[in-house]
């Protein structure tokens, strides 16, 4: 199954699940996280508050994933994952970013869903260089697709510049 690369607002996509590039509290924030929370409505915040904390203020550790309903979104579910903050590349950032994609796809499989859309995880305020993040995303997803059958995977970019970077990673891999 190919990776689809599009420019769109992820909150408008009618897929089984969208992935939220969340912060560890899962209580909303800026960028795609804030947009998803606004579009889903207050029920999403309440659902996230109901998820157990693994440590004070942490409902999802870096590289892990949690699932909530999509509420007012066209997507049935939101898979929340916390990407790594870029610190120069020497602090296991590629491994942690790959885990975000791996754990999100694991959630998709556990729910027996057929379509998922990912944003550019960690590329906003977390500062991960876009081209490097795109290479990790594409390599990880391509490695996972054979075990996921006929799943539709969309890499959703908010800008045309980001779409171009992600498409280049798809074309190169």
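Would you check if there is a residue in the range 92-106 being over 18 Å from residue 135 (Cα atoms), at pLDDT 95 or above and touching a strand residue (DSSP E or B) at 6+ places or on another chain (Cβ under 9 Å)? Taking every residue of the range 92-106 in turn, at least one turns out to be over 18 Å from residue 135 (Cα atoms), at pLDDT 95 or above and touching a strand residue (DSSP E or B) at 6+ places or on another chain (Cβ under 9 Å).
Among the residues of the range 44-84, those that are assigned to a loop (DSSP other than H, G, I, E, B), out of contact with any helix residue (DSSP H, G or I) (no Cβ under 8 Å at 6 or more places or on another chain) and surrounded by fewer than 20 Cβ atoms within 10 Å (Cβ to Cβ) comprise 50, 51, 52, 53, 54, 56, 57, 61, 76. Among the residues making up the range 1-13, those that are part of a loop (DSSP other than H, G, I, E, B) and over 20 Å from residue 148 (Cβ atoms) are 8, 9. Return yes or no: is residue 90 free of Cβ contacts under 8 Å to residues at least 12 places away in the same chain and not in a helix (DSSP H, G or I)? In short, yes. Where residues in the range 105-122 are without any contact (Cβ under 8 Å) to a residue 60 or more places away in the chain and touching a helix residue (DSSP H, G or I) at 6+ places or on another chain (Cβ under 7 Å), which of them is surrounded by the most Cβ atoms within 10 Å (Cβ to Cβ)? Out of the qualifying residues, it is 105.
The values are calculated or read from the model by the stated rules, or taken from the named source; none is laboratory data. All values reported here derive from a predicted model rather than from experimental measurement. Every residue, glycine as well, gets a Cβ built from its backbone with ideal geometry; the counts of neighbours run over all protein chains shown.
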